[in-house]
Amino acid sequence: MGKSARAAAAVAAAAAPSPPPPQPPQPPPSQAEPAPEAEAEAEAEVNPRTGSPFSRRFKKLLERRKKLALWAQREKVRDALAKHAAVVVGAAPGSGKSTQIPQFVIEAGYPRTGKQIACTQPRRLVATAVARRVAQEMDVSLGEEVGYSVLYLTDGVLLREILSDRFLEKYEVIILDEVHLRTLATDILLGYLKNLLSSNARPDLKLVVMSSQYEATKFKEYLKSGRIVQPSPTLHPIEIMHEQQPVEDYIKKAIEIVERVLTTEPNGDILVFLTGSEEIDSFCWNLKKVVADLGDKIGAVNVLRFTLRCLLINKRRKGGPIGRKVVVSTDIGESSLAIEGIVYVIDCGYTKQKVYNAQLNVESLLILPISRANAQRRSALARRTASGKCFRLYSKQRFLSAQAEVSPEIFRANLASIVLLMKKIGIEDFANLDLMDPPHAEMVERAFETLKCLGALDGEGTLTDLGELISHFPLDPQMSRMIVTSPMFRCSNEILSIAAMLS
């Protein structure tokens, strides 16, 4: 949770004024009234949110928005929100889920009664980038409409807000994005919010769940209510190529394919998937040498790591064109803001995951094969705007034998911090959450043992005063206990430094 906590300063919320105090739950209206400016906004000359004329950038972005697959679903989203407590949106990467749905919700007349719209992202980088993008598309400054009425934050930050606001009463609409990634925080939030809706504890709450098009039906069946909004995808042709033999060094192989694309294939940017920063550093360093050797044969080439700058970069910069982009990313590139101009995708076939061994009580960072769903999302990025090519650095047989979907993080994570949070808010058992995939009993048992050893729970499993204290830390319970105890040994500064490095 350490990284998630720091994310609050990175997203738009940091720039926003303090929100008004929570209002008591109110009965839902029979139908959401659309904002009066929603229909005419595209044709208006003055931004109704600021009172100033629309900028040139707004008008250019508006034309791009109209080309997105979800633009035609505005009325369906509005109608679904008016009639259902839960709405599931299933769409392909690049269709506009993350940026358009929050704007459609605002156009539908939300939020009302001084509340807010929360939109979660599993990753801090994407939460920051999406908040900036939506502010640009609405032609407002970050911290006005975006950052106040609609708040972008990580799923971990919203989960911890339950500690101080059990019914999340400050929010009228909660949007959970990228739920198909099955992060621990998103799965817990989904189960918790489902319970809030089914128990009628928040009759005014609207829940929007956004996933890839492949998993949308599964999430609707899990929620047992609501409506699916699925745009018809625009499918451009794609050529997928597999390796005939196992690839021993996929970094070297990826560089060879990039060189071949740059020298023999038509114009188009390249997206390369690797597993982590060390691999990306090695790839970029070696590729830049290859590009320098090729010189004028390939023209200008910009090798970029997948960063916020990469997401926001324009096709031109001062001094001339930036040339072809080669963007190198971890699996974060699968489900975030789409990068303009990608025509070629190179997929190493692996991802890096944190895996907890309950028997040894040890967490490891392992490089593991991706699922078929991961592979499909990666290849789909090459066909978003035009026909493209995907080079898979593994055999077709390996693809067909791979796991069908992403393994939920709840099966491989240390659950101690989640158990502590649940105890704090009065939930005694995971069974009470009605999770989509309950954790293994062994993992839950190990979490209870850890918390008892730390003194956070007593022998009966009841939260102790120490447990109450460390539950407020957005850290693993072991680190929280270490920080709380450090003044006794006069080593607080040293322990805080160690905790910062470990988190």
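Within the range 44-58, the only residue that satisfies the criterion of being assigned to a helix (DSSP H, G or I) and surrounded by 12 or more Cβ atoms within 10 Å (Cβ to Cβ) is Phe58. For the range 406-415, indicate whether the set of residues that are of a type in the set (Lys, Arg) and closer than 30 Å to Cys348 by Cα is non-empty. Within the range 406-415 (the criterion being of a type in the set (Lys, Arg) and closer than 30 Å to Cys348 by Cα), the answer is yes, since at least one residue qualifies.
Cβ separations smaller than 6 Å between residues 6+ apart or across chains give no pair from the range 109-124 residues that are under 16 Å from Thr154 (Cβ atoms) and outside the structural domain of Gly147 (by TED's automatic domain parsing) to residues that are charged (D, E, K, R) and crowded, with 23+ Cβ neighbours inside 10 Å. Taken over the range 259-285, the residue count meeting the criterion of being under 28 Å from the mean Cα position of the chain (by Cα) and over 16 Å from Ser387 (Cα atoms) is 13.
Scanning the range 347-377 for residues that are surrounded by 14 or more Cβ atoms within 10 Å (Cβ to Cβ) and of a type in the set (Lys, Arg) returns Lys352, Arg372, Arg377. Number of residues in the range 107-130 that are under 30 Å from Leu235 (Cβ atoms) and assigned to a helix (DSSP H, G or I): the value is 6.
Does Ala135 count as surrounded by 24 or more Cβ atoms within 10 Å (Cβ to Cβ) and modelled with pLDDT under 95?
Answer is no for this residue.
Output the number of residues of the range 362-379 satisfying the condition of being in contact with a Lys or Arg (Cβ under 7 Å, 6 or more places away or on another chain) and part of a loop (DSSP other than H, G, I, E, B). Counting residues in the range 362-379 that are in contact with a Lys or Arg (Cβ under 7 Å, 6 or more places away or on another chain) and part of a loop (DSSP other than H, G, I, E, B) gives 0. Note on the range 401-420: residues that are surrounded by fewer than 21 Cβ atoms within 10 Å (Cβ to Cβ), more than 20 Å from Ser212 (Cα to Cα) and of a type in the set (A, V, I, L, M, F, W, C) total 1. Could you look through the range 378-400, keep only residues that are under 21 Å from the mean Cα position of the chain (by Cα) and of a type outside the set (D, E, K, R), and pick out the one that is surrounded by the fewest Cβ atoms within 10 Å (Cβ to Cβ)? By that ranking, first place goes to Ser379. Residues considered: Tyr192, Tyr250. Of these, the only one that is over 25 Å from the mean Cα position of the chain (by Cα), farther than 20 Å from Ser335 by Cβ and among the hydroxyl-bearing types (Ser, Thr, Tyr) is Tyr250. Being assigned to a strand (DSSP E or B), in contact (Cβ under 8 Å) with a residue 60 or more places away in the chain and within 18 Å of Gly276 (Cβ to Cβ) is a condition met by no residue of the range 332-343. Tally the residues that are over 25 Å from Glu334 (Cβ atoms) and out of contact with any helix residue (DSSP H, G or I) (no Cβ under 6 Å at 6 or more places or on another chain), restricting the search to the range 67-111. Within the range 67-111, residues that are over 25 Å from Glu334 (Cβ atoms) and out of contact with any helix residue (DSSP H, G or I) (no Cβ under 6 Å at 6 or more places or on another chain) number 14. In this structure, Ala38 qualifies as touching a helix residue (DSSP H, G or I) at 6+ places or on another chain (Cβ under 7 Å), buried (at least 17 other Cβ atoms within 10 Å of the Cβ) and modelled with pLDDT under 90.
Just one of the listed residues (Gln397, Gln403, Gln359) is under 29 Å from Thr234 (Cα atoms) and out of contact with any Ser or Thr (no Cβ under 6 Å at 6 or more places or on another chain), namely Gln397.
Going through Asp204, Asp187 one at a time, which residue ends up being over 19 Å from Asp434 (Cβ atoms) and not polar (S, T, N, Q)?
Values: Asp187 fails: over 19 Å from Asp434 (Cβ atoms).
Going through Asp204, Asp187 in turn, just one is over 19 Å from Asp434 (Cβ atoms) and not polar (S, T, N, Q): Asp204.
Could you grab me the full set of residues in the range 259-299 that are aliphatic (A, V, I, L, M) and loosely packed, with under 12 Cβ neighbours inside 10 Å?
Residues of the range 259-299 that are aliphatic (A, V, I, L, M), as a first pass: 261-262, 270-272, 274, 280, 287, 290-292, 294, 298.
Result: Ala292, single match.
The values are calculated or read from the model by the stated rules, or taken from the named source; none is laboratory data. Everything quoted here is computed from the prediction, not taken from an experiment. Please note: Cβ atoms are built from the backbone with ideal geometry, for glycine as well, and neighbour counts cover all protein chains shown.
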